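Beneath this line is the structure, given in structure tokens, with notes to follow.
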Amino acid sequence: MSFIANTPQQQKQMLDQIDLTMDGLFADIPKELLAKDFNLPAGRSEFEVRSRLAELAAKNYTGLTCFLGGGFYDHFIPAAVYSIISRSEFYTAYTPYQPEVSQGSLQAIFEYQSAICRLTQMQAANASLYDGGTALYEAMMMALRITGRNKILIDDSVNPIYRVMIHSYTKNLSIDLEETKNSEGVVNRKDLLNRLDNSTAAVIVQNPNFFGCVDDFTDIAQAAHSRGALLIVSCYPVSLGILKTPGAMGADIAVGEGQSLGLMMSFGGPYLGFMATKKEYVRKMPGRIVGRTKDGQDRVGFVLTLQAREQHIRRDKATSNICSNEALCALTAIVYLSLLGKEGLKKTAQLCADKASYAWQRLTSIKGVKPRFKTKWFFNEFVLDLPANAAETAGKLIEKGFAAGFPLSRYYGDMENSLLVAVTEKRTRQQIGMLAEALEAVL
Amino acid sequence: MKLIFDKTVPGRCGVLPPASDVPTTINIKKELLRDADANLPELSELDVVRHFTQLSRRNFGVDTNFYPLGSCTMKYNPKVAERVASYPGFAHLHPLMPQLRMGGLLAQGALEVLYDMDKLLCEITGMAGFTMQPMAGAHGELCGIMIMAAYHRDRGNKKTTVLIPDSAHGTNPASAAIAGYKVASVPSDSAGMMDIDALKRMVGSETAGLMLTCPNTLGIFEKNIRQICDCLHSVDGLCYYDGANLNAIVGKAKPADFGFDIVHLNLHKTFSTPHGSGGPGAGPVGVAGKLLDYLPVSIVIKRNDGTFALEYDKPKSIGYIAPFYGNFAVILRAYVYILMLGKAGLKEVAENAVLNANYIKEKLKDYYDLPFDGLCKHECVFSAQRQAANGAGAIDIAKALIDAGFHPPTVYFPPIVKEAMMIEPTETESKETLDAFIEVMRAIAETAQKDAAKLKAAPITTPVGRLDETAAAKNVDIAEL
């Protein structure tokens, strides 16, 4: 089944009209370069393929009660989100190079950019990047370009998955990438300020950070700016329903993973990297940007803009090699944010915080289970120190039906017994109670 | 159309989150909270659904119109792939699951999809191994160049420069530059192929590699491709295959046989995953045997007991370039597509894509200038110079096509053709559609002769006419704050 409309008769008719044969169409490829054979399976019908894929899907078990987060969360997604993004006028279109026939996508992206600005209290956002990790890398590159410097300070409370990505990307570049070490789960001001100097391009921090702890980086923004450095804040968009924003803290670039804005977990993607900045840095920002303008009859319309930054114009001098964005994911985010709206997002964020707070109290009341950090300011995720190895304990809890959290030893050598537990608005009081009972039983 | 923010009615709410069943504690101190609510829309569910449904009707997509956008392979996206991607076993699977003890056993189906895709793409391209991590074509390019750099670092090679033909996609030079290389541009010859003498003069000990798409952006197969790759290999340079144009040769030839060491594939092009108004895509990267050690971690392996697992122990790996396993739901759709088509189906793809492109080329070449005549592969590139001289250029022809109900071809690319119009019909379009398009293109050519002003006024059937892009770039209005 190859979805080809033309019948063999039509193909023959077309070939005759242009005086060629099917083999003749490939006569320009040297014979020795044509493949002898392909060891590929025979094609199958839709019914057979769906049966096979249903079998494979059934080999994935998604019935665990999910307290697993680490930057990727099990949030509620309204049905209308899926209805809208399933409209093929959106999903079978491409990058809106021809604005007159792409006003739907372009206006939706303009609205998405506006919503990201309102959420982060920043002034300008791009049309989206691949994911939170590549957005953080792009923000770092942007800071290097803006400042002309080459030192980056990144705190180890930033998602370790993103930190390893940034290490990969900078291996062939002469960048001085220094990690600062958290103190009690938050940025160690003394260490950071000591290392901040006139060669520093940017300080990279996260809120809530990987441990779930909530911070205010206003002091770090001021310190960075006094040295001519930028502040990059990676943030969790749902938390911005209630938390102090990167804009209010004085951040120069805000980025983050947009999965929580209505995107399914889908085993790691596609997700959505968002990026917002101050007005003065717009022309240094990577990625597609949609702008508002007018036609000859003064009608308002939307176009891709500031393309002079981009690879198809600037080639090796471009701000980034990025060509596409994650337009359909950005559409998902704006539909989600519109459906929940001002009140719904705030309530969702509050629910997350309240339920996490309840879970923290419930779980830390178990004998031997202690909060890892002194701070009580966390959003929807927190670190527990267990009286046993966290990876082993989490393994035992899987058998009891829980994805109980993420064991931190994989990324933090001194945290063998630490478990990162996430609670979204979907978790009920009863599920939290059952997790507590199960944890007590396996310890 | 009004912005969604302008439709707000204070107090209205679309979808309520679940009711709270825990005490409202507000555990976070006030100084850490935002001072005012985020100013998001306040609308009913119907308000929101109607707004976005109306927006959707202001778009052309493959499902609504013929979309021969050159180099983008806008083929039909089978609905079965959308259905499979929504199966709860895939859609609700947390990506960190395999990192939990025993968790990998609960994600066997997803790991098997990734493992199978690796094997299928290896067979299709002739490469030895793939990573599924790159989340777009350009991301694949960056990953490929990082692998190139790791190879040279490992061998102690002092390489500084990546060669790229002047007809290349802009992403190629941008990717090489971002990975830390200098870029040098290799000219094309009069037949639209790489100037092999120029290449030989440019290749030296500092050459890290060459990035090339084949067929190239003119839709022409580089007949000297073997010689080109040999030339690079003679200085321990690597050859990178930009898979943007694989649709022309899929099921017929393998890039590895041409001499390529690294390839990226655009799953959203050749393997038919939806373009989503500009993403998400997926750009898996495959490498020859000598580069396997440098692929990103993790890699899916099959254990002796038949189970699938993630392998992290690869000391020479370039590391992670994505948080997990790439755009899994996109990879899944492409997997469905390959399983449905199978060996014979993939061959038919290339054959019919090439047939459709040559059919259009032959039927239009008396009406528009064809800078490089001869067989083309998946796309043909015309020049509207003749029409431009008379007052209506490629952009005007593009806009006139819109009024006739067709999405325009890619225009003004590749840059080496003046007034370029790059037409890629794809294999899924029928003869009836092609004939209708050809007829309209001929009529437009005639109008360009007689009444160029009429073309300059197009489009007139769309919600807005031509927009002032200069003003947009100057006045920078990119958000309603």
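General remarks:
- Qualifying GluC sites (Glu not before Pro) in the stretch A:152-240, DSSP loop, other Cβ atoms within 10 Å at most 16: A:184
- Entry for chain B at q = 0.11 Å⁻¹: log10 I(q)/I(0) = -1.03, Debye formula applied to identical alpha-carbon scatterers, no solvent contribution.
- Non-local Lys pairs in the stretch A:79-335, i.e. 8 or more apart or on different chains, that have alpha carbons under 25 Å apart: 21
- Selection from A:164, A:250, A:303, by position along the positive dipole direction of the stretch A:79-335 (Cβ): A:303
- Evaluated with a Cβ-only charge set (Lys, Arg +1; Asp, Glu -1), the stretch B:1-131 carries a dipole of roughly 300 debye about its Cα centre, given to the nearest 20.
- For a label point 7 Å along the Cα-to-beta-carbon line of residue B:1, residues of the stretch A:61-87 with backbone N under 19 Å: A:80-87
- Of all beta bridges that DSSP places with both ends in the stretch B:82-339, some 40 percent have antiparallel geometry.
- With R₀ set to 30 Å, the beta-carbon distance separating residue B:313 from residue A:52 gives a calculated FRET efficiency near 0.45.
- For chain B, averaging the sequence separation of C-alpha pairs within contact (under 8 Å, six or more residues apart) and dividing by the residue count gives a relative contact order of 18 percent.
- Here the gap between residue B:24 and residue B:373, fully extended at 0.36 nm per residue and compared with their Cα-Cα distance, gives a gain of 118.3 nm.
- Averaged over A:41-49, number of beta-carbon atoms from partner chains that fall within 10 Å: 6
- Largest-first ellipsoid semi-axes for the stretch B:82-339, taking √(5λ) over the Cα gyration tensor eigenvalues, angstrom: 32, 20, 15
- Modelled spin labels at residue A:167 and residue A:366, positioned 7 Å past Cα toward Cβ, are 3.1 nm from each other.
- Selection of trypsin sites (Lys or Arg not before Pro), the stretch A:275-344, meeting DSSP coil and at most 14 other Cβ within 10 Å: A:299
- For the stretch A:79-335, convex hull of alpha carbons as volume per residue, Å³: 133 Å³
- In this Cβ point-charge picture (+1 for Lys and Arg, -1 for Asp and Glu), the protein assembly as shown has a dipole of about 1500 debye about its Cα centre.
- A simple rule links phi to the HN-Hα coupling: the Karplus curve 6.51 cos²θ - 1.76 cosθ + 1.60 with θ = phi - 60°, which for the stretch A:345-361 gives 5, 4, 4, 4, 5, 5, 4, 4, 5, 5, 5, 5, 5, 5, 5, 4, 5 Hz, with x for Gly and Pro.
- Extension gain (nm, one decimal) between residue A:76 and residue A:376, 0.36 nm per residue minus Cα-Cα: 105.4 nm
- In nm, spacing of pseudo-spin labels at residue B:79 and residue B:344 (7 Å Cα→C-beta vector): 2.6 nm
- Considering only B:317, B:165, B:213, the residue lying farthest towards the positive end of the dipole of the stretch B:82-339 is B:317, judged by Cα position with unit charges set on Cβ.
- Magnitude of the charge dipole, the stretch B:5-52, Cβ model with Lys/Arg +1 and Asp/Glu -1, debye to 20: 40 debye
- Entry for the protein assembly as shown at q = 0.06, 0.08 Å⁻¹: log10 I(q)/I(0) = -0.39, -0.71, Debye formula applied to identical alpha-carbon scatterers, no solvent contribution.
- With R₀ fixed at 35 Å, the C-beta to C-beta distance from residue B:474 to residue A:174 puts the FRET efficiency at about 0.45.
- Cross-link table B:343/B:377; B:223/B:377; B:79/B:347; A:346/B:29; B:365/B:418, entries beyond 18 Å C-alpha to C-alpha: B:343/B:377; B:79/B:347
- Cβ-Cβ distance of residue B:35 and residue B:454, R₀ of 41 Å, FRET efficiency by 1/(1 + (r/R0)^6): the value works out to about 0.15.
- Potential lengthening of the chain between residue A:416 and residue A:193 amounts to 77.4 nm, from the contour at 0.36 nm per residue minus the alpha-carbon distance.
- Spin-label proximity, residue B:443 to the stretch B:33-75 - amide N less than 13 Å from point 7 Å beyond Cα toward beta carbon: none
- Applying the criteria of a DSSP loop state and at most 12 other Cβ atoms within 10 Å to the trypsin sites (Lys or Arg not before Pro) of the stretch A:159-213 yields A:181.
- Antiparallel bridge percentage (DSSP; both residues within the stretch A:212-290; nearest 5): 60 percent
- With q set to 0.19, 0.29 Å⁻¹, the log10 of I(q)/I(0) for the stretch A:333-395, from the Debye formula over equal scatterers at the Cα positions, is -0.77, -1.21.
- Which of B:253, A:286, B:229, positive extreme of dipole for the protein assembly as shown (C-beta unit charges): A:286
- Mean-position separation - Cα centroids, the stretch A:270-338 and the stretch B:181-223, in angstrom: 31 Å
- Table column - 3J(HN,Hα) (Hz), the stretch A:146-151, Karplus curve with 6.51, -1.76, 1.60, x for Gly and Pro: 5, 8, x, 9, 9, 10
- In the calculated pair-distance distribution of the stretch B:96-218, the portion above 25 angstrom amounts to 40 percent of the Cα-Cα pairs.
- Between residue B:235 and residue B:54, the modelled labels are 6.0 nm apart [label points 7 Å from Cα along Cα→Cβ].
- The Cα atoms of the stretch A:34-81 define a convex hull whose projected area, averaged across directions, is 7.7 nm².
Computed from the coordinates by the stated procedures, all read-outs in this text should not be read as laboratory data. Small disclaimer: the values here were computed from a predicted structure and weren't measured. Virtual Cβ from ideal backbone geometry, glycine too; neighbours counted across all protein chains shown.
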